[in-house]
Amino acid sequence: MSIIQRAFLLILCALNIQHGQKCRLNTRKHFGEPLPVIVRDNKLLEPTDKFGNIDMNYGDILTLSCEGTGNILHPNAKHELPVATISCEGGAMFKNEVWLNSPANFSLFKCNYPPRYVSKRTERLCYDGYPIIEVGYTVRNDFYPLYESCFNEAGYSAIYSKYTQKPYNALYQTKIVRPFFIADNNFGYIPVDFLFSPAGQKGAVAQLVGSAIDNYVTKTEFLSRGHLAAKTDFPLAFGERATFHYVNCAPQWVGFNGGNWNTLEVDLRNHIHIAGYNTIIYTGTFGLAQLNNEVGRRVDLYLYNDENNNPVIPVPLFFYKVVYEPTRKCGIAFVGINNPYYTIQEARQMFFCKDLCRADRAFPWLSWHPDNNNEGYTFCCTVSDFRKTVPHLPPFEVDCLLT
Ligand SMILES: *[C@@H]1O[C@H](CO)[C@@H](O)[C@H](O)[C@H]1NC(C)=O
């Protein structure tokens, strides 16, 4: 061995001793359930590459929290703690010499119960002076947001949810149990759980359409709790669960929910993964769905009348998803009609822009069925066309079409 080779080997050894091993966790492999909330560098944990890997150096720190619903469980824990930090020891092994009796397998960190997500009303305003409500987790008195909702507090209606979608989102953690939706003091005395239930919504719509109700709310077609930010728009369990919040929800016909809207969510996640986009998404609602009442007159749909007898919790006519890539300033708006009882001719009258998704094959990745009433009629617009009809979005510059 030459001197140079020896010196090189020595340097390699020294580096190894100082820095030890790196850690790599993957969203599909290493995350237990119920997963604690995980904080890294003062932010909720997110993957570091497009394949759902979280790469860390030896000694890098994660904070785990089950605060509010119990303690962190692990076979190596010497005692119970609601919040603890662990440091990367190599591979998927982590240590904390005070709390754990030996380096611990990351996959085995769990909570007794899923940690509790909360909403936080901010001082920031969005469209029409409505407040922005953040949804996320509190850990040791610090609040960590996952997404924000522009929420109409008088009408009890979610205008839009804003969050990010990155290439790693296609590799979300699977098999997460769906929690119940929470209202979390954003709905006051309004019985929102009941109003979305089968009996509650049927009663509410029946008050508006009378005996025509059995044509509309049936075993196969009814109003579901339509997520704005989808459950699997977040890569880890704590994010997926936090979408079950009524400030992120609107009444959505179930055929549309499981049809073209779901197709859009899935296709978009996969496309963002393949194309490598870093996007901001605004998923929202606009307009009022209508049905004919028993004497054939069109009526607006709401789920409740408030104490001043004003209609609240509207059934929106449109669900939309505006996707924006800030680095290239590219954007697009996808829109679906939330009413299976319109004919294709009636629906076409409601398309409020030139439908770019129908034109040529500019969107080969999009597999929705735009002319299917049950799956929901759909179309898409440039962001500037979209803004001419829907006034919700905050200002941002769009110079190109996101395809
Ligand atoms: C860690 O725990 C998981 C889940 O029980 C198991 O599949 C895996 O083999 C364990 N890894 C090690 C290094 O013990």
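Structure data summary
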{"item": "Computed magnitude of the charge dipole of the chain (debye, nearest 20; Cβ of K, R +1, Cβ of D, E -1)", "result": "920 debye"}
{"item": "Helix-derived mean residue ellipticity, 222 nm - over the chain, DSSP H n ≥ 4, -39500 (n - 2.57), to 500", "result": "-5500 deg cm²/dmol"}
{"item": "Set LYS120/LYS321; LYS78/LYS175; LYS231/LYS388; LYS43/LYS175; LYS162/LYS202; LYS29/LYS50 screened for pairs whose C-alpha atoms are more than 19 Å apart", "result": "LYS120/LYS321; LYS78/LYS175; LYS231/LYS388; LYS43/LYS175; LYS162/LYS202"}
{"item": "Candidates PHE194, PHE334, PHE94, ranked by Gaussian network fluctuation over the chain, Cα under 10 Å, top entry", "result": "PHE194"}
{"item": "Assigned charges on the beta-carbon of Lys, Arg, Asp, Glu; the range 20-111 dipole about Cα centre (debye)", "result": "240 debye"}
{"item": "Paramagnetic reach from LYS354 (point 7 Å along Cα→Cβ, amide N under 20 Å) across the range 371-401", "result": "378-390, 398-401"}
{"item": "Chain lengthening between ASN262 and LYS29 when straightened (0.36 nm per residue, less Cα-Cα)", "result": "81.4 nm"}
{"item": "Shape metrics for the range 8-163, restricted to C-alpha atoms - Rg then Dmax, Å", "result": "19.1, 69"}
{"item": "Of THR285, THR382, THR220, the one that fluctuates the most in a GNM where the chain has Cα springs shorter than 10 Å", "result": "THR220"}
{"item": "Contact order relative to length of the range 20-111, as percent, for alpha carbon pairs under 8 angstrom and 6 or more apart", "result": "35 percent"}
{"item": "Cβ-based charge dipole, the range 266-403, positive-most Cα from PHE286, PHE351, CYS381", "result": "CYS381"}
{"item": "Mean Cα-pair separation over length for the range 118-401, i.e. relative contact order, pairs under 8 Å, 6 or more apart, %", "result": "18 percent"}
{"item": "For PHE256, net neighbour charge (Lys/Arg +1, Asp/Glu -1) across residues whose Cβ lies under 14 Å away", "result": "-2"}
{"item": "Peptide ranges 109-122, 176-189 listed from the most packed, as the mean C-beta count within 10 angstrom indicates", "result": "109-122, 176-189"}
{"item": "Isotropic mean projected area of the C-alpha convex hull, the chain (nm²)", "result": "24.7 nm²"}
{"item": "Volume in Å³ per residue [convex hull over Cα atoms, computed for the range 20-111]", "result": "87 Å³"}
{"item": "Ranking of ARG140, ARG348 by count of other Cβ atoms within 10 Å, fewest first", "result": "ARG140, ARG348"}
{"item": "Listed residues PRO179, TYR342, LEU108: farthest to the positive end of the dipole of the chain (Cβ charges)", "result": "LEU108"}
{"item": "Pairwise label distance in nanometres, TYR127 with THR218, each label 7 Å out on the Cα-Cβ vector", "result": "3.2 nm"}
{"item": "Within a Gaussian network of the chain (alpha carbon springs, distance under 10 Å), most fluctuating of VAL98, VAL312, VAL205", "result": "VAL98"}
{"item": "The chain: angle of helix 3-19 to the longest principal axis, Cα-based, in degrees nearest 10", "result": "60 degrees"}
{"item": "Estimated inter-spin distance, ASN310 and TYR189, nm [label 7 Å along Cα→Cβ]", "result": "1.5 nm"}
{"item": "Helix 198-209 axis, angle to the chain major axis (alpha carbon atoms, nearest 10°)", "result": "30 degrees"}
{"item": "Centre separation in Å (Cα based) which lies between the range 224-282 and the range 109-152", "result": "17 Å"}
{"item": "Lys/Arg +1, Asp/Glu -1 at C-beta; the chain dipole; positive extreme among THR122, PRO75, ILE159", "result": "PRO75"}
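No lab work stands behind these numbers, since they all come straight from the coordinates. Every value quoted in this text rests on a predicted model; they were computed, and no experiment measured them. Note: ideal-geometry Cβ built from the backbone for every residue, glycine included; neighbour counts use all protein chains shown.
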